[in-house]
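J.: A single structure is presented below for examination.
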Amino acid sequence: MQRTSLGDMACSLARSLDVAGEWWTPLIVRNVWFGARRFEEIQRDLGLSRKVLADRLRTLLAEGILERRPYQEHPVRHKYRLTPKGRELMQAFFALMAWGDRWTAEVAGPPMVLCHERCGEIVHGEVTCSSCGEPLRAEETRIARGPGARVGRGSRYVEHLPAP
């Protein structure tokens, strides 16, 4: 089934999902961040079809989330690495992991935790205000018209937004 592209929407969330919201894509990015560099490692761990993995890797390469380098010549085989864009996407996934730890973890607790290498502490992803550093909470945040605002599919409400 072909999915509808969200890339033309005047919405950063929609365009982000167009790149990173495909089924399996966040887990592929996570596995590469974990250190799984080779196609076979990723495929074996996730148990997805070779066709789906190849398709997702093509998209991640085209979007600049991953880069690949050959590690073998006969036959040619590649290893994958996160680009700076991919590492920043992984940071966004930290907040989603924290949500999952809070709302979907089993009684025993989260299956994995994040450890901050600089301080050695167990941490969780948190979105904070870039101005004051406080946690950014939905009930304390509003949306305003941005410089790229336009009315269109998925963003018809923008015409009613106040200026910042």
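The values are calculated or read from the model by the stated rules, or taken from the named source; none is laboratory data. Bear in mind that the values here come from a model prediction, so they are computed numbers and not experimental data. Backbone-built Cβ (ideal geometry, glycine too); neighbour counts: all protein chains shown.
Each row is one residue, and each column tells you yes or no for (1) out of contact with any Gly (no Cβ under 9 Å at 6 or more places or on another chain); (2) farther than 30 Å from Glu159 by Cβ; (3) at pLDDT 95 or above.
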| residue | (1), (2), (3) |
| --- | --- |
| Gly7 | yes, no, no |
| Cys11 | no, no, no |
| Ala14 | no, no, no |
| Asp18 | no, no, no |
| Trp23 | yes, yes, no |
| Leu27 | yes, yes, yes |
| Glu41 | no, yes, yes |
| Leu61 | yes, yes, yes |
| Arg68 | yes, yes, yes |
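J.: Still on this structure: Among (1) over 19 Å from the mean Cα position of the chain (by Cα); (2) part of a loop (DSSP other than H, G, I, E, B), which single condition is Arg69 missing?
T.: Of (1) over 19 Å from the mean Cα position of the chain (by Cα); (2) part of a loop (DSSP other than H, G, I, E, B), only one is false for Arg69: (2).
J.: Now for a separate question. If the requirement is being within 22 Å of Ala149 (Cβ to Cβ) and among the basic types (Lys, Arg), which of these qualifies: Arg38, Arg56, Arg50, Arg15?
T.: Numbers: Arg38 fails: within 22 Å of Ala149 (Cβ to Cβ); Arg56 fails: within 22 Å of Ala149 (Cβ to Cβ); Arg50 fails: within 22 Å of Ala149 (Cβ to Cβ).
The conditions single out Arg15.
J.: Something else: Filter region 1-29 for residues that are polar (S, T, N, Q) and buried (at least 17 other Cβ atoms within 10 Å of the Cβ) and give the result. I'd like the intermediate steps shown before the answer.
T.: Looking only at region 1-29, we keep the residues that are polar (S, T, N, Q), and these are 2, 4-5, 12, 16, 25.
The answer is Thr25, and nothing else.
J.: Can you name the number of the only condition in (1) on the phi > 0 side of the Ramachandran plot; (2) surrounded by 15 or more Cβ atoms within 10 Å (Cβ to Cβ) that Glu41 fails?
T.: Here Glu41 meets the rest and fails (1).
J.: Related question: Mind checking which residues of region 82-110 are touching a helix residue (DSSP H, G or I) at 6+ places or on another chain (Cβ under 9 Å), loosely packed, with under 14 Cβ neighbours inside 10 Å and not in a helix (DSSP H, G or I)?
T.: Gly109
J.: Within region 130-145, can you find the residues that are among the hydrophobic types (A, V, I, L, M, F, W, C), over 16 Å from Gln91 (Cβ atoms) and outside any helix (DSSP H, G or I)? Steps first, answer last, please.
T.: Step one: of region 130-145, the residues among the hydrophobic types (A, V, I, L, M, F, W, C) are 132, 136, 138, 143-144.
Checking the rest, the ones that are also over 16 Å from Gln91 (Cβ atoms) come to 132, 138, 143-144.
If the condition is that a residue be among the hydrophobic types (A, V, I, L, M, F, W, C), over 16 Å from Gln91 (Cβ atoms) and outside any helix (DSSP H, G or I), then Cys132, Ile143, Ala144 are the ones that fit.
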